[in-house]
Amino acid sequence: TERGGALLALRHAGDAADNDFQRALVTLGEAMAARRLGDSTRASALLSQLRAHRRQRHVLGNDYLAAMERIVTAWCAYDRRDLDLAAGLLARLADAEPGRSLLRYHPQIRFEWNNLSALIERARLLYADADGIALEARAHAAQRIVAQFETALAAALESQASDAVQQVAANLGMTCWLLRDVLGNAVHADGTVDAVRWLAMSEWQALRNGGPLQSAWNAIALMRIARADTSRAALKLNDLGTQAGPFAEAFDARYWPQRWSDVAALRLREHDSGRHRYGHVQVSGLLLELAWFAHADGDHVTARTAMNRLAQATQDLAPHDRAYFVQALKQLTQMADAPP
């Protein structure tokens, strides 16, 4: 995308809107884009604007707009990791009409509701004290989460929304990885192959629809998987290409250079140039991976530069995200300062 990207396109759409429903859709789209870029303050302001617009006028499609407004509000709560509020908002949508019927018959609402519900439950399971939950109960919870993502995927395919398919495939991939200890099976006990295949499907979908580099999440996830096993050398891109199976062509060399450090650096250049815009968490994730892989490659200047920039970037993060990156930065610093 050119400078300004989706937000600029939405503003142009707003200028062209000639009725209340179109204007409301543009406001909703802007709120969703702002949230995905990590600007929850802007997203909340736009949602308030949408709510006022709906109440002041009889807007066509009001039930759909009200449901989406609630879902995006729940997303903002999830981003703050206020999981109870996010889950409560979704539950109230499903418990009464017209939300119940929309959830049953409208594929976009069904996708959004199930995708976010599964993310909330995944976060609860990951944050829970593993010692306090029996392995069997954790396994059942993990399977329910996967099933809910699969429901979201079916709805995304039904709605023919490529962005939705890409999102939920990525979420399935990370779920296979994050919950691999309880989802493991006899064939792929570490969860790597299933995770890589779903993430590759997500990236393949982006490439097929002309949107590679729109998001950095797949790259960040694959780099984390690649370096996860500290007992051996990091997996190379060729290894992951083999595991990707039918989606191996997703790793087009234009967007996936052979060294992981170059994969991260390419996306940071896209962000810094304004050709693509990533949220604060994605930029921090790319900086962390660049620092890690540059250090592994022996490029200590690049690693140190990335670490310094990451230390600055953490100031813009929400507390739960900041804590993760501060801890990761501490480990990187210890690794970088260790004698060879």
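Just to be sure I understand the rule: take each whole DSSP H helix in the chain, project its Cα atoms onto its long axis, keep it if the span is 15 Å or more and its mean Kyte-Doolittle hydropathy is at least 0.5. Which ones pass? It would help to have the intermediate numbers written out before the result.
Working: long enough: 5-16 (17 Å, 0.55); 20-36 (24 Å, -0.08); 40-56 (24 Å, -0.85); 62-79 (25 Å, 0.08); 83-95 (18 Å, 1.10); 107-127 (30 Å, -0.24); 135-159 (36 Å, 0.32); 162-178 (24 Å, 0.53); 192-208 (23 Å, 0.03); 260-273 (20 Å, -0.70); 280-296 (24 Å, 0.96); 300-313 (19 Å, -0.25); 319-337 (27 Å, -0.57).
The answer, listed by residue number, is 5-16, 83-95, 162-178, 280-296.
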request  = Before rounding to the nearest 500, sum -39500 (n - 2.57) across all DSSP H runs of length at least 4 in the chain and divide by the residue total; then give [θ] at 222 nm in deg cm²/dmol.
outcome  = -24000 deg cm²/dmol
ask   = Carbon and sulfur together cover what percent of the accessible area of the chain at a 1.4 Å probe radius?
value = 52 percent
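Compute, for region 188-276, the length of the dipole vector about the Cα centre, with Cβ point charges of +1 (Lys, Arg) and -1 (Asp, Glu) only. Units Debye, rounded to 20.
Values: 11 positive and 10 negative charges, 37 e Å.
Around 180 debye, computed over region 188-276.
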note = Quick calc, the chain, dipole around Cα centre from Cβ unit charges on Lys, Arg (+) and Asp, Glu (-), nearest 20 debye, gives 540 debye
inquiry  = Tell me the per residue accessible area of the chain using a 1.4 Å probe; a whole number in Å² is fine.
reply    = 49 Å²
task = Quickly work out the Q258-to-Q331 label distance, labels modelled 7 Å from Cα along the C-beta direction, and quote it in nm with one decimal.
result = 2.9 nm
note = In whole angstrom, the spacing between the Cα centers of region 194-210 and region 78-92 equals 28 Å
request  = Calculate, for A94 and F21, the FRET efficiency according to 1/(1 + (r/R0)^6) with r their C-beta to C-beta distance and R0 41 Å; round to the nearest 0.05.
outcome  = 0.95
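The values are calculated or read from the model by the stated rules, or taken from the named source; none is laboratory data. As the structure is a prediction and not an experimental result, all values here were calculated from the model. Please note: Cβ atoms are built from the backbone with ideal geometry, for glycine as well, and neighbour counts cover all protein chains shown. Heavy atoms of the whole protein, side chains included, go into the accessibility calculation; ligands, DNA and RNA do not. Shrake-Rupley method; radii C 1.70, N 1.55, O 1.52, S 1.80 Å.
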